1. Taking the stated definitions as given, is Val51 at pLDDT below 90 and either among the acidic types (Asp, Glu) or in a helix (DSSP H, G or I) (or both)?
2. Could you please let me know if Ala8 is modelled with pLDDT of 90 or more, under 19 Å from Ile144 (Cα atoms) and in a helix (DSSP H, G or I)?
3. Pick out the one residue from Val43, Val66, Val49 that is in contact with a Ser or Thr (Cβ under 6 Å, 6 or more places away or on another chain) and within 17 Å of Leu5 (Cα to Cα).
4. In region 49-63, which residues are buried (at least 17 other Cβ atoms within 10 Å of the Cβ) and either without any contact (Cβ under 8 Å) to a residue 12 or more places away in the chain or under 16 Å from the mean Cα position of the chain (by Cα) (or both)?
5. Would it be correct to say that Arg29 is among the basic types (Lys, Arg), at pLDDT 80 or above and part of a loop (DSSP other than H, G, I, E, B)?
6. Given the structure, is Arg124 out of contact with any strand residue (DSSP E or B) (no Cβ under 7 Å at 6 or more places or on another chain) and modelled with pLDDT under 60?
Amino acid sequence: MHPRLVGAILLASVIAGTLSEIALYRISRLTDLWPQILGWVWVAMPYLVAVGLAFLLRRNTVGLVVLLIALLLVAPVGVFLLDDSVTQQAIAEQQARDSGRRVWMVKAGPDGADGPDEGVPMHRMFSKLWFSILPTYQLAAVVIPTGIGYGFSVWLRWRQGRAGDRPANRGLDGWVLTPRGIP
């Protein structure tokens with residue numbers, strides 16, 4: 001067991017999950033409890049899965065290292081994108097409030113030009129899009145490399161176990177290797 005690697009994965013997941021949840025809280029306008037809980041779990045899904053994988057792979061060093069690297073690459077990008085989306089949404093709403101118009105309405109001016117609050121629904125749509133799509137990409141970016149690393153380490157151990165059955169000077173295909181490497 002590698003408690004430092006598991007602890008580092010747990011710490012990175014808690015920090016990234018908390019920052020993502022803060023971004024979700026800043027944009028959330030839900031009044032019902034269950035949709036909020038489902039939204040929180042959805043946004044935290046990659047980090048919850050990373051913690052689960054850390055405990056499943058706690059005896060496999062390669063799997064833990066790959067998981068930690070993937071998590072450290074994925075988490076800052078996801079947190080940055082979610083936070084930037086929320087910040088842009090707040091800026092659009094503030095600009096709409098400053099113009100004296102209602103945030104949720106898009107009205108055309110007398111000449112057919114769009115009003116200053118047109119960006120608010122668009123920003124809200126893109127924010128919802130980020131919050132609904134980004135966690136799945138983060139989950140794939142954490143699980144796929146970890147699975148490949150774990151599978152590779154298992155294959156290497158299996159291969160080393162089989163290597164004990166044959167002489168040390170035999171190559172992959174059974175050729176006898178000389179010191180110069182020529183059969």
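1. no
2. Taking the combined requirement at face value, the residue does not satisfy it.
3. Numbers: Val43 fails: within 17 Å of Leu5 (Cα to Cα); Val49 fails: in contact with a Ser or Thr (Cβ under 6 Å, 6 or more places away or on another chain).
Just one listed residue meets the conditions, Val66.
4. The answer is Val49, Ala50, Val51, Leu53, Ala54.
5. Working: among the basic types (Lys, Arg): yes; at pLDDT 80 or above: no; part of a loop (DSSP other than H, G, I, E, B): yes.
In short, no.
6. no
The values are calculated or read from the model by the stated rules, or taken from the named source; none is laboratory data. As the structure is a computational prediction, the values presented were derived from the model and not from experiment. Glycine gets a Cβ as well: all are built from the backbone with ideal geometry, and neighbour counts include every protein chain shown.
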